[in-house]
1. Quick one: 3J(HN,Hα) in Hz for region 65-74, Karplus 6.51/-1.76/1.60 with θ = phi - 60°, rounded, Gly and Pro as x.
2. Taking θ as phi - 60°, what are the ³J(HN,Hα) couplings along region 84-96 by the Karplus curve (6.51, -1.76, 1.60), each to the nearest whole Hz, with x for Gly and Pro?
3. How would you rank 55, 48, going from fewest to most other Cβ atoms within 10 Å of each one's own Cβ?
4. Got a sec to turn the phi values of region 124-129 into Karplus ³J(HN,Hα) couplings, 6.51 cos²θ - 1.76 cosθ + 1.60 with θ = phi - 60°, whole Hz, x for Gly and Pro?
5. Once label points are set 7 Å from the Cα along Cα→Cβ at both residue 81 and residue 58, what is their separation, rounded to one decimal in nm?
6. Starting from the Cα gyration tensor of region 50-105, multiply each eigenvalue by 5, take the square root, and state the resulting semi-axes largest first in whole Å.
7. Using modelled amide H (1.01 Å from N, peptide plane; none on Pro or chain starts), what sits under 5 Å from the amide H of residue 51, excluding residues fewer than 5 places away?
Amino acid sequence: MNLRILAFTSLAAMALASTGALALEPGQQAGEGRGRPRASAKAGAPGRAAVVEVRVTKEGFEPAEVTVERGRPVKLVVTRTLDRTCATEIVMKDFGVNRPLPLQVPVEVVVNPPGPGTYRFACGMDMIAGVLRVR
Ligand SMILES: [Cu+2]
């Protein structure tokens, strides 16, 4: 079971990496930070992905607000840390992303924001959510 999930996750990661995430219109939905901790990723060399670690906890996605500079891919490394949560997957409609989040397995989600804007990430039911802010 776990092996199958891992294999699927790896395949999905490879597929995403090979196709690149689709760049759609900047997201218009501004999720609410709700006073949760913020994270920001500083750039390395141009073109290198900004890497941001996000965890699914009983508080939801932490941090629920991620800020990065424009002009480079963003790699979210998402780890679900608890069994009982609605957020067993991460969905980013702006990029056509819908990825399962196996328990305690870091899942890399790479997206290419088309420009500054606010891009939502959420559980499959769009209840638990956070935002990727590109400035
Ligand atoms: Cu949900």
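Each value in this text was obtained by applying a stated rule to the coordinates, not by laboratory testing. Note that this is a predicted model, so its numbers are computed, not measured. Positions of Cβ are backbone-derived with ideal geometry, glycine not excepted, and every protein chain shown enters the neighbour counts.
1. Taking θ as phi minus 60°, the curve returns 9, 10, 10, 10, 7, 5, x, 8, x, 10 Hz for region 65-74.
2. 8, 7, 6, 8, 9, 7, 10, 10, 10, 4, 4, 10, x
3. On the way: 55 16, 48 11.
So the ranking, lowest neighbour count to highest, is 48, 55.
4. 3J(HN,Hα) across region 124-129, in whole Hz: x, 9, 6, 9, 7, 8.
5. Going from the residue 81 label point to the residue 58 one covers 1.2 nm.
6. Numbers: eigenvalues 84, 32, 18 Å².
Ellipsoid semi-axes (Å, largest first): 20, 13, 10.
7. 75
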